[in-house]
Amino acid sequence: MSTLVALFAGFVGGWIILNLLGALLVGLVARAVFPGKDAVGWPMTIVLGFVGGIVGKLIFALLKWPTGFPLGFVASVVGAFVLLWLWHQRVGKDSGAN
């Protein structure tokens with residue numbers, strides 16, 4: 001039984017690591033494509049990529065576009081790009097008020 005638990009833990013741990021690396025890659029691509037400077041570290045880049053993946057895939061699903069392997073990555077980058085744009089709109093308004 002302990003072998004099964006160890007196998008499951010290894011699978012789940014590998015799955016989490018792969019998702020974190022994927023989220024980091026999505027966040028890095030979105031930040032590289034988006035114009036302007038973003039003063040965020042790698043943890044926020046991972047969060048951006050993860051949440052961007054959810055947002056992008058929701059957008060693609062609403063438009064009834066496919067979200068398979070290559071387009072799923074594109075959808076994730078689009079979602080992260082949208083989040084970056086919204087963030088810049090918010091920060092721009094905050095800094096303009098001072």
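The values are calculated or read from the model by the stated rules, or taken from the named source; none is laboratory data. Bear in mind that the values here come from a model prediction, so they are computed numbers and not experimental data. Virtual Cβ from ideal backbone geometry, glycine too; neighbours counted across all protein chains shown.
Of all residues in region 51-68, those satisfying the criterion of being without any contact (Cβ under 8 Å) to a residue 24 or more places away in the chain and under 18 Å from Leu83 (Cβ atoms) are Lys57, Leu58, Ile59, Phe60, Ala61, Leu62, Leu63, Thr67. The single condition from (1) surrounded by fewer than 19 Cβ atoms within 10 Å (Cβ to Cβ); (2) part of a helix (DSSP H, G or I); (3) more than 10 Å from the chain's Cα centre (by Cα) that Val47 fails is (3).
Residue pairs whose Cβ atoms lie under 9 Å apart, separated by 6 or more positions or on different chains, with the first residue in region 69-80 and over 10 Å from Phe50 (Cα atoms) and the second of a type in the set (Phe, Trp, Tyr) and surrounded by fewer than 21 Cβ atoms within 10 Å (Cβ to Cβ), are Leu71/Phe60; Leu71/Trp65; Gly72/Phe60; Val74/Phe60; Ala75/Phe60; Ala75/Trp65; Val78/Phe60. The combined condition, being surrounded by fewer than 10 Cβ atoms within 10 Å (Cβ to Cβ), farther than 30 Å from Gly92 by Cβ and of a type outside the set (Val, Ile, Thr), is fulfilled by Pro70. Does Ile54 count as surrounded by 12 or more Cβ atoms within 10 Å (Cβ to Cβ) and under 13 Å from the mean Cα position of the chain (by Cα)? Judged against the criteria, Ile54 is a match. In region 17-43, the residue that is surrounded by the most Cβ atoms within 10 Å (Cβ to Cβ) out of those that are without any contact (Cβ under 8 Å) to a residue 12 or more places away in the chain and part of a helix (DSSP H, G or I) is Leu21.
Within region 81-98, no residue that is among the acidic types (Asp, Glu) sits with its Cβ atom under 8 Å from a residue that is at pLDDT 85 or above and in a helix (DSSP H, G or I) at 6+ positions apart or across chains.
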